[in-house]
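A.B. asks: The structure that follows is given in the form of structure tokens.
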Number of protein chains: 2
Amino acid sequence: MIRIGIAGYGNLGKGVALAVRKNPDMRLAGVLTRRDPSQLSSSEIGAPVWPLGDAALHAKDIDVLILCGGSATDLPGMTPALARDYHVIDSFDTHASIPDHFAKVDQASTETGHVALISCGWDPGLFSIARLFAQSILPDAENPDSYMFWGPGVSQGHSDAVRRIPGVIDARQYTIPVETAIEEVRNGGYPKFTPRQKHKRVCYVVAEAGADKKSIETAIKEMPNYFSDYDTTVNFVSLEELHEKHRGLPHGGTVIRTGRTGNTEEHRETIEFKLSLDSNPEFTASVLCAYARAVYRLSLRKCFGCKTVFDIAPADLSPLSGEEIRAKLL
Amino acid sequence: MIRIGIAGYGNLGKGVALAVRKNPDMRLAGVLTRRDPSQLSSSEIGAPVWPLGDAALHAKDIDVLILCGGSATDLPGMTPALARDYHVIDSFDTHASIPDHFAKVDQASTETGHVALISCGWDPGLFSIARLFAQSILPDAENPDSYMFWGPGVSQGHSDAVRRIPGVIDARQYTIPVETAIEEVRNGGYPKFTPRQKHKRVCYVVAEAGADKKSIETAIKEMPNYFSDYDTTVNFVSLEELHEKHRGLPHGGTVIRTGRTGNTEEHRETIEFKLSLDSNPEFTASVLCAYARAVYRLSLRKCFGCKTVFDIAPADLSPLSGEEIRAKLL
């Protein structure tokens, strides 16, 4: 049994606790939290709860520690620090900062003989692998990229941006892919899209009593980077309606690449990878658990240092043996 | 530059020659053929053509030899034999015989210090990886498998079966997935399908003058394994029409898995991987080239023996460095 630890018990950490139960070769061995541990119920979680500050004391109890903090403020410090005591895996998703994060985590894990897998989940993660496969199999110097569409789903960053507007009590923002744009990509050619042509944004907003809804709507629609480049719909709803109809965290998306083959490039080949998720954090947690198995195996082989999903052979994700996967899945 | 060799210059071998041109880090270094080499034009191919019987003489000229023979009669002997002199890759696709093929190729390649990657392409190959990912990320003991739909596309095995019927001059068989069944899988639950509920078969048949078309149609529709379990449509066409409208080799398909997450399994997560291919052999050849790069890298690391796509880390498929893929693709 692989002994899994969780550091940080929010949406993602709870998702990991659930996903561990689905994997017969894993058990939850402990939860590290910044909160007072007595606020979490060990018996409900089914594992001991320890203060994060005591992390170094529990390294012997855990084979792989899954870091469930946020990318903005938690993981940049947490992953390099915990990689000194544990084999770790995180879902660091600030794309532009990945090289810097990698370097720091690589140093900490290599110096202390640990395995650390960063930026795991579905994007970065499974979508990254889909991009790499598509572009390696269908190379084309003139069209180096894959097309990415996200949603329909809740963007937490955009929801937070709306919540920061004065007069807003709560809000939820959905990113919606433009289906006709996806069709256009499937039909071949390499269309150039503006942000507006690829995604729509729909907001559900709870305003304070007496707030100026018109100016809130304008503040949303004109917000640079977040909304001004998109067609945005703003719906004002009651707090009850928001909690009832919009409490889920669905998400998903599609990676598509078309390429040409043949003597005169007469044939079109299309690769498409699509996720439709009712729960973004629970699915991300499921991906983390499969990769935690790979981290465990790499630790047994002493392949120390920082890794990404690009470094993991598919076989290491499966609980089955090499013989079994060749016989059943190949 | 990775020096690629091709053994067998049929549809797949020609596809490899084209795919090599798309990969800036590869060049075609030679073609081995069972035919009289003078029947192939070295200048058109852009590389020397050698008799297959002289294979052992050219091992020094080639980094990775891509074996483009058929699975039924060529590859079972060819791959273990050539893996004694070359780093090789094949597309052996007789699923039930893969363990036996693996064992023979593993012995030959291990004994002689070569890398051999077998059963590469899209199924087995990319679809195998999609199955392994989906089942490792969304484990469910009660629903262990992924759903597979093939087509729309030409099945060469079924086309050959029709051609063997007396009175048939030529034929082409299309496998068509039943879209409503795909929708049913996407909508969750774990429907059980009969073969008839998942795929339809459509045949275009050229009959001899004076042949009994009715009995040919009956012979097709009642053929066990190939057609009797499916709704089959038979269209008689002229040889001209067959050559004009049905000379392509399109194919493709979809791997879908849905899983449940959440405390009460209340959330549905869906993973879908889809290929739409105008040319089955040219796409397969493109996959083989990307994996030839991985075989080359494994040979430099002296990771000898038989491998499958499950053993290859995604990073080894890309011409880019580790730093580049982390910065651009993660």
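A.B. asks: Please sort by residue number the GluC sites (Glu not before Pro) in the range B:42-151 whose DSSP state is loop and whose Cβ has at most 13 other Cβ atoms within 10 Å.
C.D. replies: Answer in residue order: B:Glu142.
A.B. asks: Which aspartates and glutamates have a Cα lying under 20 Å from the Cα of B:Lys245, excluding residues fewer than 8 positions away in the same chain?
C.D. replies: Correct list for B:Lys245: A:Glu265, A:Glu266, A:Glu269, B:Asp160, B:Asp170, B:Glu208, B:Asp278, B:Glu282.
A.B. asks: For the range A:214-230 and the range B:254-330, compute the distance between their C-alpha centroids and round to whole Å.
C.D. replies: 39 Å
A.B. asks: With θ set to phi - 60° and the Karplus curve 6.51 cos²θ - 1.76 cosθ + 1.60, what are the ³J(HN,Hα) couplings of the range A:118-127 in order, to the nearest whole Hz, using x for Gly and Pro?
C.D. replies: 10, 6, 9, x, 10, 7, x, x, 4, 5
A.B. asks: Need one number: buried accessible surface between chains B and A, 1.4 Å probe, both sides summed, DNA, RNA and ligands left out, in Å² to 100.
C.D. replies: Interface between B and A: roughly 5500 Å².
A.B. asks: I'd like the mean, over residues of A:124-131, of how many other protein chain beta carbons sit within 10 Å of each residue's own Cβ.
C.D. replies: 4
A.B. asks: Compute accessible area for the range B:271-287 by itself and then with all protein chains, 1.4 Å probe, and report residues whose area falls by 30 Å² or more.
C.D. replies: SASA drop of 30 Å² or more in the range B:271-287: B:Ile271, B:Glu272, B:Phe273, B:Lys274, B:Ser276, B:Asp278, B:Glu282, B:Phe283, B:Ser286.
A.B. asks: Let me ask something else about it. Can you pick out the pairs among A:Lys200/A:Lys274; B:Lys192/B:Lys307; A:Lys200/B:Lys200; A:Lys14/A:Lys274; A:Lys307/B:Lys307 whose Cα atoms lie more than 30 Å from each other?
C.D. replies: B:Lys192/B:Lys307; A:Lys200/B:Lys200
A.B. asks: Got a number for carbon plus sulfur as a percent of the protein assembly as shown's accessible area, 1.4 Å probe?
C.D. replies: Here it works out to 49 percent.
A.B. asks: Also, quick follow-up: Please tell me the relative contact order of the range A:168-272 in percent, rounded to the nearest whole number, where contacts are Cα pairs under 8 Å and at least six residues apart.
C.D. replies: This gives 28 percent for the range A:168-272.
A.B. asks: Which of rounded, prolate, oblate describes the range B:199-251, given a ≥ b ≥ c as roots of the alpha-carbon gyration tensor eigenvalues and a/c under 1.5 marking rounded, otherwise prolate only if a/b is larger than b/c?
C.D. replies: Cα axes put the range B:199-251 in the oblate bin.
A.B. asks: Right, something else. What are the distances, in nm and sorted shortest first, from the label point of B:Glu244 to the label points of the same position in each other copy, with each label point placed 7 Å from Cα along the Cα-to-Cβ direction?
C.D. replies: Computed spacing set for this position: 6.3 nm.
A.B. asks: Given the C-alpha centroids of the range B:178-194 and the range B:1-41, what is the distance between them in whole angstrom?
C.D. replies: 41 Å
A.B. asks: Could you tell me which of rounded, prolate or oblate describes chain A, using a ≥ b ≥ c as the square roots of the eigenvalues of the alpha-carbon gyration tensor, with rounded for a/c under 1.5 and, failing that, prolate when a/b is larger than b/c and oblate otherwise?
C.D. replies: oblate
A.B. asks: Which GluC sites (Glu not before Pro) in the range A:244-279 pass both tests, a DSSP loop state and at most 16 other beta-carbon atoms within 10 Å?
C.D. replies: A:Glu265, A:Glu266
A.B. asks: Right, here's the next one. Specify the longest stretch of chain A that does not include any exposed loop site, a site being one of the trypsin sites (Lys or Arg not before Pro) with a non-H, G, I, E, B DSSP assignment and at most 14 other Cβ atoms within 10 Å.
C.D. replies: Free of exposed loop sites, the longest segment is A:36-163.
A.B. asks: Turning to a different aspect of this structure: Which aspartates and glutamates have a Cα less than 12 Å from the Cα of B:Lys328, not counting those fewer than 8 places away in the same chain?
C.D. replies: Excluding near neighbours in sequence, the set is A:Asp145.
A.B. asks: Can you compute the helix-only [θ] at 222 nm over the protein assembly as shown? Use -39500 (n - 2.57) per DSSP H run of at least 4 residues, normalise by all residues, nearest 500 deg cm²/dmol.
C.D. replies: Helices in the protein assembly as shown give a 222 nm mean residue ellipticity of -10000 deg cm²/dmol.
A.B. asks: Does the range A:1-108 classify as rounded, prolate or oblate by the C-alpha gyration tensor (a ≥ b ≥ c root eigenvalues; a/c under 1.5 gives rounded; else a/b over b/c gives prolate, otherwise oblate)?
C.D. replies: Prolate.
A.B. asks: Could you pull the copy-to-copy label distances for A:Ala181, with points set 7 Å along Cα to Cβ, in nm to one decimal and sorted shortest first?
C.D. replies: Spacings between copies for this position, smallest first, are 3.5 nm.
A.B. asks: Which lysines have a Cα less than 18 Å from the Cα of A:Lys213, not counting those fewer than 8 places away in the same chain?
C.D. replies: A:Lys221
A.B. asks: Further, regarding this structure: Quick check for you: with a 1.4 Å probe and neighbouring chains kept, what is the accessible area per residue of chain A, in Å²?
C.D. replies: I get 42 Å² per residue for this part.
The values are calculated or read from the model by the stated rules, or taken from the named source; none is laboratory data. Keep in mind that this is a model prediction, so the values were computed, not measured. Note that we place each Cβ from the backbone using ideal geometry, even for glycine, and neighbour counts take in every protein chain shown. SASA here: full protein model, heavy atoms, side chains in, ligands and nucleic acids out. Shrake-Rupley method; radii C 1.70, N 1.55, O 1.52, S 1.80 Å.
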